[in-house]
């Protein structure tokens, strides 16, 4: 499931539900030493099943939400970073984080850059990372 503390809390919740159901059965059954009738047994089992189902649904929703958040974070991290794409080609589009060389300098795409947006000529799309030597 989750970490050890969450698992302990989950098991404690089930144990409390079992204890409460058993106490209720003892209060409502005239002679607790008698064997439970089939009806009482069925009711007890159904109450326990309902409690277990509710706890499981709650935990599954929590874990599902956590997994969605983690998957979203992983996607964002995978999209980040710098990827060297070689010499800039004006006929290509570049993704945010793409690194290209142009006129001897290294440029990083600040956002997705469309075809024709050239480093040095589209400052909203490209950031100079390393200036080349003058020739």
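Throughout, read-outs are computed from the coordinates displayed, never taken from laboratory work. All of these numbers come straight from a predicted model, not from anything done at the bench. We place every Cβ from the backbone using ideal geometry, glycine too, and count neighbours over all the protein chains shown.
Quick one: grab the alpha carbon gyration tensor of segment 88-135, order the square roots of its eigenvalues as a ≥ b ≥ c, and give me rounded if a/c is under 1.5, else prolate or oblate depending on whether a/b is larger than b/c.
Details: a/c = 1.99, a/b = 1.59, b/c = 1.26.
Since a/c reaches 1.5 and a/b is larger than b/c, the shape of segment 88-135 is classed as prolate.
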Problem - Potential extension, residue 18-residue 55 segment - 0.36 nm per residue separation minus Cα distance - result: 12.1 nm
Problem - Sorted by Cβ density within 10 Å, fewest first, the residues 55, 108 - result: 55, 108
